[in-house]
1. Residue by residue through segment 15-29, what is 3J(HN,Hα) from phi via Karplus (6.51 cos²θ - 1.76 cosθ + 1.60, θ = phi - 60°)? Round to whole Hz and write x for glycine and proline.
2. Across segment 43-55, in residue order, what do the Karplus-derived ³J(HN,Hα) couplings come to in whole Hz, using 6.51 cos²θ - 1.76 cosθ + 1.60 with θ = phi - 60° and x for Gly and Pro?
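Any read-out appearing in this document is the output of simple, stated calculations on the displayed coordinates, not a laboratory observation. Please read these numbers as outputs of a predicted model, since none were measured by experiment.
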Amino acid sequence: MSRKPIAPDDPVIRTYTDPEVTALLRELHEAGRPFGIQWGSAATLPGTVDGRILIDFGNAPVATLLNLLNLLRDTERHRPWES
């Protein structure tokens, strides 16, 4: 089941802490590896913009990270090429 993308201005984004976002980045590195999605230098940036943490892979908002992870999770669950 696909998830609705999270908007960068979604209020829930403000609830994520730096350690939580760092853990999500680790998950992205692991989940993305089989697909060639790698941001070895991706990390959280110091400070926030409008209360939201930014990630240093093009100053992407946390919503981008969450949406990428959701796509990878959905792909992991539905691997049609392995049927």
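1. Taking θ as phi minus 60°, the curve returns 7, 6, 9, 4, x, 5, 5, 4, 5, 5, 5, 4, 5, 4, 4 Hz for segment 15-29.
2. Listing the rounded values in order: 7, 6, 8, x, x, 9, 10, 6, x, 10, 6, 10, 10 Hz.
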